[in-house]
Amino acid sequence: WIVRQFRSFRPASETPLDRVLRLEASVSVKSQLSRGTADVKRFLEAADYTQNDRVSILIFGGGDSRLLCLRNCLGESAPRQLNSVHAGGLTPLYDAVIEASEILRHNRDPQMRPAMVLFSDGLDSSSIYSLQDALGEAASLSAPIYTVNVCRKKCESNEGGAVLAALAANTGGLNFAPTYDIQDILRRVLDDMHSGYVLTYEPNPHLCGIHSVRVVPTRDAQLRFRSRRSYDDTSDQY
């Protein structure tokens, strides 16, 4: 099914953002936790926020998740709360994606765009849900996931990096390897959130469920577009 007529097409910078920052605090990243919290603080201190942007912080590790602050993390208390985070226990990575999706869905403002930024090594060890469950939740919410690999040195396995890459690629986000400089990551994430476009269209009334999406150029075949790879027609955003 090919869509040629769009309901709306506008710059993403015109839409305020509702973001959830997810920081892993499990035993597998214990040695990198202090740097991880410093990275999140830098993200909060970034200047490229609009007046209506909202930020939440979800800490996951030790087999569960903890909501540090809800949609008000740009205040002065969030950095102090991050200082109290300690590492330990297993990693419910996929469960944390599901919980972040629920946070973004709860009392959602249709005028805001949801997004997630995940600081993790990508290795799940205790989730009830699967990777496909997590991807499905993000797809139904239309929330891109920006993944930051916190494994600062060469990891023993590429499995975690592959998971982070899949979360980003399937939701229209970006994935950053451990070699990236955090300041460059913050700049690229914020630029990407504000420099894209929001495209909406009428779904096919004869289709139901989750469907794949591919955006292709009509003239220049060399052009490449990045977007989420699927949509759920039970959502009101396409």
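The values are calculated or read from the model by the stated rules, or taken from the named source; none is laboratory data. Since the structure is predicted, the reported quantities are computational estimates derived from the model, not experimental observations. Glycine gets a Cβ as well: all are built from the backbone with ideal geometry, and neighbour counts include every protein chain shown. Surface areas here come from the heavy atoms of the whole protein model, side chains and all, with no ligands, DNA or RNA. Shrake-Rupley method; radii C 1.70, N 1.55, O 1.52, S 1.80 Å.
Applying the criterion of being among the basic types (Lys, Arg) and under 15 Å from Ala139 (Cα atoms) to the residues of the range 72-114, the residue that is modelled with the lowest pLDDT is Arg113. The set of residues in the range 34-53 being more than 19 Å from the chain's Cα centre (by Cα) and under 20 Å from Ser120 (Cβ atoms) consists of Ser34, Arg35.
If you go through the range 31-43 and pick out every residue that is open to solvent by less than 30 Å² (accessible area, probe 1.4 Å) and within 21 Å of Pro144 (Cα to Cα), you end up with 4.
Of all residues in the range 1-30, which are outside any helix (DSSP H, G or I), surrounded by fewer than 22 Cβ atoms within 10 Å (Cβ to Cβ) and touching a residue at least 12 places away in the same chain (Cβ under 8 Å)? If the condition is that a residue be outside any helix (DSSP H, G or I), surrounded by fewer than 22 Cβ atoms within 10 Å (Cβ to Cβ) and touching a residue at least 12 places away in the same chain (Cβ under 8 Å), then Trp1, Val3, Gln5, Phe6, Arg7, Ser8, Phe9, Arg10, Pro11, Thr15, Pro16, Leu17 are the ones that fit. Of all residues in the range 44-59, those being at pLDDT 80 or above and either under 23 Å from Tyr197 (Cβ atoms) or open to solvent by 50 Å² or more (accessible area, probe 1.4 Å) (or both) number 6. Just give me the residues in the range 70-102 being under 17 Å from Thr50 (Cβ atoms) and either of a type in the set (Lys, Arg) or surrounded by 18 or more Cβ atoms within 10 Å (Cβ to Cβ) (or both), in sequence order. Within the range 70-102, Arg71, Cys73 qualify.
Restricting the range 103-150 to residues that are part of a helix (DSSP H, G or I), more than 23 Å from Pro11 (Cα to Cα) and touching a residue at least 12 places away in the same chain (Cβ under 8 Å) leaves a set whose member that is least open to solvent (accessible area, probe 1.4 Å) is Ala134. Considering Asp124, Asp109, Asp95, the condition of being of a type in the set (D, E, K, R), touching a strand residue (DSSP E or B) at 6+ places or on another chain (Cβ under 9 Å) and within 22 Å of Ala166 (Cα to Cα) is satisfied by Asp95 alone. Considering only residues of the range 38-58 that are touching a Leu at 6+ places or on another chain (Cβ under 8 Å) and assigned to a loop (DSSP other than H, G, I, E, B), which is nearest to Leu190 (Cα to Cα)? Here the answer is Asp48.
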